[in-house]
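Engineer: Take this structure, written in structure tokens, and hold onto it; I'll ask about it next.
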Amino acid sequence: MAEIVTQKPVSATLHSLTHVDGLPSSYARENTRPEPAVLNATKSYSLDSLPLELALGKNVSLDHLSDTVSRYSSTGLIRRLLNNHGAILFKGLGLKNATEFSQFATAFGWLPHEDIGNPVRRTVLAHNVATANEGPNTQPVYPHNEFGLSPHYPAYVFFYALSAPETGGETPINSSIKLYERLEEEIPEFLTALEEKGVRYQLFFPNRPREDVSSPGTSVFQSYGKAVLDTDDTETARSKIEAEIRRLPTATWQWENQSSENPLGDLRVFQKLPAIRLHEQTGKKAFFNNIISRYLNAKNNQTLDPPYLNKEGAYQPPALYADGSPIPHEYLEKAVQIVEETRSLVSWTAGDVLLLDNHAIQHGREPWTGDRKLLASLWDESKQSK
Ligand SMILES: [Fe+2]
């Protein structure tokens with residue numbers, strides 16, 4: 001690979017982080033043998049800077065980079081960096097396509113995450129690599145944990161810029177752990193209510209042809225119909241779809257709009273879940289959920305209050321407490337304010353990769369102009385990296 005360093009390396013290399021700004025010596029324990037720097041810290045940082053930025057060294061091939069991150073992951077270094085920072089931005093990697101991104105992400109040694117009931121359409125492009133949310137460029141994606149509205153969510157999320165936007169298009173990230181801590185200081189009664197009641201989400205999946213890509217959302221067949229054959233009758237299709245939904249033990253569902261033109265019907269799935277979950281690696285509590293994104297979407301669509309119907313008459317409520325009672329808007333406004341105060345905006349250069357500890361970090365998307373293409377790769381924890 002040609003030299004692809006885009007940022008001037010600074011003196012702090014990954015294996016000398018122990019000497020910089022109070023970072024723990026445990027960062028460097030397994031990585032002290034002399035070697036040309038593969039990844040360099042790009043700027044001064046503190047123990048919890050968000051994200052930690054690392055840039056590729058000079059003349060490092062993709063194979064060498066992959067071997068290095070594989071070792072950093074298996075020795076626990078990546079995990080320790082994530083425990084402190086929550087997110088790592090790999091700059092100047094120069095990855096040219098989905099296949100190269102896949103090789104890089106696979107090198108960390110984690111297990112591919114299987115989507116179950118994904119409400120957002122993604123197109124698969126390489127091993128465990130798909131397009132990120134394909135929504136329109138004018139529409140922000142509000143802060144959320146990936147699959148925070150499901151009991152089945154990935155431990156790690158990579159984003160890769162196949163092409164960068166002309167303007168905007170940043171990925172905002174904020175700490176779910178810090179958000180919990182700030183809410184505990186400022187409105188502990190909200191956290192008490194959340195812990196006691198949990199939250200309820202609803203997701204609507206229209207019955208559309210499997211190949212329909214007219215909306216960024218998914219349909220019944222795209223989300224839950226992978227076992228359904230074109231030759232299956234309605235009852236068989238429905239039972240296969242329900243078997244797939246049952247894989248999420250917290251889900252309930254109902255079929256709607258059944259008619260002679262739509263014998264299967266559209267599907268509405270409900271999830272009752274905790275909104276606060278323990279971040280195992282640090283033992284800290286995290287505000288892990290999709291409450292804020294649901295709230296801001298409902299606010300945008302003027303569906304914050306009963307009967308929660310948008311202009312087209314569709315039921316689009318914010319997240320509710322699991323007993324069906326509303327979450328007070330002032331609590332959610334405070335949460336939005338804290339996110340805005342604590343978030344970082346990640347700007348994209350083509351070839352860069354952002355790695356998130358999904359449990360610890362929420363992400364979103366800013367509107368953009370130009371040809372922004374982000375790919376995503378989702379992974380579960382492997383036994384070795386725990
Ligand atoms: Fe997401």
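Read the figures in this text as sums done on the coordinates, not as results from a lab. Treat the numbers as computed from the prediction; the structure is a model and nothing was measured. No Cβ is skipped: glycine too gets one built from the backbone with ideal geometry, and neighbour counts run over all protein chains shown.
Engineer: Could you go through the stretch 342-349 in sequence order and give the Karplus-derived ³J(HN,Hα) for each residue, using 6.51 cos²θ - 1.76 cosθ + 1.60 with θ = phi - 60°, rounded to whole Hz, and x for Gly and Pro?
Structural biologist: With coefficients 6.51, -1.76 and 1.60, one gets 10, 7, 10, 9, 8, 8, 10, 10 Hz.
Engineer: Right, something else. With the cut-off at 18 Å, report for the stretch 106-264 the share of all Cα pairs above it, as a whole percent. Let's see the in-between values first.
Structural biologist: Details: 8758 of 12561 pairs.
More than 18 Å apart: 70 percent of the Cα pairs in the stretch 106-264.
Engineer: Treat each spin label as a single point 7 Å out from the Cα along the C-beta direction, and report the Asn262 to His152 distance in nm.
Structural biologist: If labels sit at Asn262 and His152, their model points lie 2.5 nm apart.
Engineer: Moving on. Using all Cα-Cα distances in the stretch 113-186, what percent lands in each 10 angstrom bin from 0 up to the longest?
Structural biologist: The distribution over the stretch 113-186 is 13, 44, 32, 10, 1, given as percents.
Engineer: How high is the FRET efficiency from Lys96 to Arg210, r the C-beta distance, R0 35 Å, rounded to 0.05? Before the final figure, lay out each step's value.
Structural biologist: Details: r = 31 Å, r/R0 = 0.89.
With R0 = 35 Å, the Cβ-Cβ based efficiency is 0.65.
Engineer: For the chain, what is the mean residue ellipticity at 222 nm derived from helices alone (per DSSP H run of n ≥ 4: -39500 (n - 2.57); sum divided by total residues; nearest 500 deg cm²/dmol)? Don't skip to the answer; put the middle values down first.
Structural biologist: Working: 9 runs with 94 residues, N = 386.
Value at 222 nm, helices only: -7500 deg cm²/dmol.
Engineer: Calculate, for Gln139 and Asn59, the FRET efficiency according to 1/(1 + (r/R0)^6) with r their C-beta to C-beta distance and R0 51 Å; round to the nearest 0.05.
Structural biologist: Numbers: r = 41 Å, r/R0 = 0.80.
Once rounded, the FRET efficiency stands at 0.80.
Engineer: Related question: For the stretch 45-82 and the stretch 97-162, compute the distance between their C-alpha centroids and round to whole Å.
Structural biologist: 20 Å
Engineer: Please report the relative contact order for the stretch 236-349, taking Cα pairs under 8 Å with a sequence separation of at least 6, and give it as a percent rounded to a whole number.
Structural biologist: On the way: 99 pairs, mean separation 15.0, N = 114.
RCO, the stretch 236-349: 13 percent.
Engineer: Would you mind counting up the charge near Asp323? Only other residues with Cβ under 10 Å from its Cβ, with Lys and Arg at +1 and Asp and Glu at -1. Each step should come with its number before you reach the end.
Structural biologist: Working: positive: Lys197, Arg200, Lys272; negative: Glu196.
Summing Lys/Arg as +1 and Asp/Glu as -1 gives +2.
Engineer: Looking only at the chain, where both bridge partners belong to it, what percent of the DSSP beta bridges are antiparallel (to the nearest 5)? Kindly include the intermediate steps, with their values, before the conclusion.
Structural biologist: Values: 57 of 61 bridges.
Roughly 95 percent of the DSSP beta bridges within the chain come out antiparallel.
Engineer: Additional query: Within the stretch 187-208, whose backbone N sits under 20 Å from a point 7 Å along Cα→Cβ of Asp230?
Structural biologist: 207-208
Engineer: Based on a Kirkwood Rh over C-alpha pairs, give the Stokes-Einstein translational diffusion coefficient of the stretch 150-189 at 20 °C and viscosity 1.002 mPa s in µm²/s.
Structural biologist: Details: Rh = 13.7 Å.
Answer, rounded: 156 µm²/s.
Engineer: Thinking of the chain as a set of Cα atoms, what percent of all their pairs are more than 28 Å apart? Write down the numbers at each step before the final one.
Structural biologist: Values: 35594 of 74305 pairs.
Looking at the chain, the distances longer than 28 Å represent 48 percent of pairs.
Engineer: I would also like to ask the following. Taking the beta-carbon count within 10 Å as an exposure proxy, list Leu296, Leu191 from fewest neighbours to most. If you can, show how the numbers build up before the last one.
Structural biologist: Values: Leu296 21, Leu191 18.
In order of increasing Cβ crowding within 10 Å: Leu191, Leu296.
Engineer: Moving on. Would you mind telling me which residue in Gly225, Gly57, Gly148 has the biggest mean-square fluctuation in a Gaussian network model of the chain, where springs connect alpha carbons within a distance under 10 angstrom?
Structural biologist: Largest GNM mean-square fluctuation: Gly225.
Engineer: Divide, for the stretch 229-297, the radius of gyration over alpha carbons by 2.2 N^0.38 Å, where N is the residue count. Let's see the in-between values first.
Structural biologist: On the way: Rg = 17.4 Å, N = 69, 2.2 N^0.38 = 11.0 Å.
Cα Rg divided by the expected 2.2 N^0.38 Å: 1.58.
Engineer: How long are the three semi-axes of the equivalent ellipsoid for the stretch 250-386, computed from the Cα gyration tensor as the root of 5 times each eigenvalue, in whole Å, largest first?
Structural biologist: Details: eigenvalues 178, 87, 82 Å².
Working through the eigenvalues yields semi-axes of 30, 21, 20 Å.
Engineer: Please report the orientation-averaged projected area of the stretch 200-271, defined via the convex hull of its C-alpha atoms, in nm².
Structural biologist: On the way: hull surface 19.5 nm².
That works out to 4.9 nm², a quarter of the Cα hull's surface.
Engineer: Give me Rg/Rg_expected for the stretch 53-114, where Rg uses Cα atoms only and Rg_expected = 2.2 N^0.38 Å with N residues. Please list the in-between numbers first.
Structural biologist: Working: Rg = 11.7 Å, N = 62, 2.2 N^0.38 = 10.6 Å.
The value comes to 1.11.
Engineer: Given a cut-off of 26 Å, name the pairs among Lys178/Lys299; Lys91/Lys373; Lys43/Lys285; Lys299/Lys334; Lys272/Lys334 whose C-alpha atoms lie farther apart than that in the structure shown.
Structural biologist: On the way: Lys178/Lys299 24 Å; Lys91/Lys373 16 Å; Lys43/Lys285 29 Å; Lys299/Lys334 14 Å; Lys272/Lys334 23 Å.
Beyond 26 Å: Lys43/Lys285.
Engineer: Can I ask one more? Can you pull a Stokes-Einstein diffusion coefficient for the stretch 286-358 at 4 °C (1.567 mPa s), Rh from Kirkwood over Cα pairs, as a whole number of µm²/s?
Structural biologist: Numbers: Rh = 14.3 Å.
After rounding, the answer is 90 µm²/s.
Engineer: Provide Leu81, Leu95 in ascending order of the number of other Cβ atoms located within 10 Å of each residue's Cβ, fewest first. Could you put the intermediate results ahead of the total?
Structural biologist: On the way: Leu81 22, Leu95 26.
Taking fewest neighbouring Cβ atoms as first place, the list is Leu81, Leu95.
Engineer: Can you tell me the length gained on complete extension of the stretch Leu309 to Phe270, counting 0.36 nm per residue apart and subtracting the Cα distance?
Structural biologist: On the way: separation 39, 0.36 × 39 = 14.04 nm, distance 1.68 nm.
Fully extending the segment from Leu309 to Phe270 adds 12.4 nm.
Engineer: For the stretch 185-317, taking Cα atoms only, what is the radius of gyration to one decimal and the Dmax to the nearest whole Å?
Structural biologist: For the stretch 185-317, the Cα-based Rg and Dmax read 17.7, 57 Å.
Engineer: Assuming 0.36 nm per residue, please report the length gained on full extension of the stretch Arg247 to Glu333 beyond their Cα-Cα distance. Write out the running numbers ahead of the final one.
Structural biologist: Working: separation 86, 0.36 × 86 = 30.96 nm, distance 3.39 nm.
Extending this stretch completely gives an extra 27.6 nm.
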